[in-house]
Amino acid sequence: MIVVATSDFEVYHGVVTELRERGTTFTTVEPDEELPEHTDVVVTGPDHADDFGAIPTIVADPDAPRRAVDQALAAVRGDGGRTIIGVDPGRNPGIAVLTGETVVAAFQVPLGDAVDQIRREADEAPSPIVRIGNGSRLESAKLVNELDTVRVELVDETGTTPYLGTGARGMGDVLAAVNIARREGEVIDARDIEPTDGELQMIKDRSREQSEENRAIDELLARRVAAGELTIDEALAEHRDDSDRTSSDTNDVKE
């Protein structure tokens with residue numbers, strides 16, 4: 001049984017709301033009341049961190065109630081393991097956060113937002129591991145190279161994407177991220193990838209799709225996108241600036 005025992009309204013409201021949203025069985029008591037007989041873990045605020053003796057106690061940050069609930073659920077289920085963040089790379093990576101064997105959070109975000117999302121999850125956990133699938137070479141390299149403050153493992157993602165039945169469309173990347181999190185990989189600090197002609201052409205095609213002028217970026221800019229130095233929108237902006245300067249120089253010569 002999870003028991004919420006706090007006089008801090010923000011902690012109480014955040015933790016109770018999170019527990020209710022997850023359909024978790026719990027009870028609440030005042031910090032000075034006797035705990036229920038079958039208490040497995042207490043969630044409280046900083047003011048009562050040392051009040052519950054030998055009972056496992058989670059001290060909740062009012063600004064991060066989800067992390068406290070994740071820890072409480074892991075304690076109740078006996079998972080007790082470290083936090084592992086699995087990532088299925090791509091244009092919109094799937095991200096799954098596991099504590100032990102329990103999936104405690106899942107996301108799917110644009111590639112440009114993925115590193116910040118992963119860092120937020122990693123910053124809230126002790127000694128986390130980030131496991132990134134080795135597919136989508138350019139996208140996985142970008143993630144590996146930008147996550148330089150956390151342990152990263154590159155994982156063989158063969159067979160991690162499950163069959164999706166009726167009604168499950170759109171869940172594949174997240175479910176693959178769960179499977180990736182559960183596989184050990186090779187610790188990696190950086191991943192250098194030489195883009196193929198096909199990958200460069202794909203970047204150019206995507207830039208044309210996103211361009212208001214229906215113009216593709218050149219190969220130099222495409223290589224910088226492939227290396228993670230620029231987003232496609234930033235490359236398009238540079239391409240427009242270069243084109244405007246060239247047009248202006250040509251007009252000056254004519255005059």
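Listing for the model above:
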{"item": "Restricting the range 126-156 to residues that are over 13 Å from the mean Cα position of the chain (by Cα) and within 25 Å of Val76 (Cα to Cα), the residue that is surrounded by the fewest Cβ atoms within 10 Å (Cβ to Cβ)", "result": "Pro126"}
{"item": "All positions within the range 1-60 that are open to solvent by 20 Å² or more (accessible area, probe 1.4 Å), among the aliphatic types (A, V, I, L, M) and touching a residue at least 24 places away in the same chain (Cβ under 8 Å)", "result": "Met1, Val29, Leu35"}
{"item": "Selection status of Val109, out of contact with any Asp or Glu (no Cβ under 6 Å at 6 or more places or on another chain), of a type in the set (A, V, I, L, M, F, W, C), over 12 Å from Ala177 (Cα atoms) and not assigned by the TED database to the domain that holds Pro56", "result": "yes"}
{"item": "Count of residues meeting criterion [open to solvent by less than 80 Å² (accessible area, probe 1.4 Å) and within 19 Å of Arg91 (Cβ to Cβ)] in the range 157-181", "result": "11"}
{"item": "The lone exception for Glu184 - which of (1) among the acidic types (Asp, Glu); (2) in contact with a strand residue (DSSP E or B) (Cβ under 9 Å, 6 or more places away or on another chain); (3) open to solvent by less than 80 Å² (accessible area, probe 1.4 Å) it fails", "result": "(3)"}
{"item": "Pair list, Cβ under 6 Å, 6 or more apart: the range 142-169 residue free of Cβ contacts under 8 Å to residues at least 24 places away in the same chain, other residue surrounded by 15 or more Cβ atoms within 10 Å (Cβ to Cβ)", "result": "Pro162/Leu175; Leu164/Gly172"}
{"item": "Elements of type strands (runs of 3 or more DSSP E) contained in the range 5-70, each with 1 or more residues being over 23 Å from Thr83 (Cα atoms)", "result": "26-29"}
{"item": "Checking Ala122 against (1) open to solvent by less than 20 Å² (accessible area, probe 1.4 Å); (2) within 19 Å of Gln71 (Cα to Cα); (3) assigned to a loop (DSSP other than H, G, I, E, B), the condition it does not meet", "result": "(3)"}
{"item": "Condition met for Glu194 (more than 23 Å from Arg66 (Cα to Cα) and part of a loop (DSSP other than H, G, I, E, B))", "result": "yes"}
{"item": "Top-ranked residue of the range 170-220 - restricted to ones that are of a type in the set (Gly, Ala, Ser) and within 19 Å of the chain's Cα centre (by Cα), ranked as nearest to Leu236 (Cα to Cα)", "result": "Ala190"}
{"item": "Residue selected from the range 61-79 under the condition in contact (Cβ under 8 Å) with a residue 40 or more places away in the chain and open to solvent by less than 40 Å² (accessible area, probe 1.4 Å), by the criterion nearest to the chain's Cα centre (by Cα)", "result": "Arg67"}
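The values are calculated or read from the model by the stated rules, or taken from the named source; none is laboratory data. The model shown is predicted, which means the values in this text are computed figures rather than measured ones. Neighbour counts run over all protein chains shown; Cβ positions are idealised from the backbone, glycine included. Quick note on the areas: whole protein, heavy atoms, side chains included, nothing else; ligands and nucleic acids left out. Shrake-Rupley method; radii C 1.70, N 1.55, O 1.52, S 1.80 Å.
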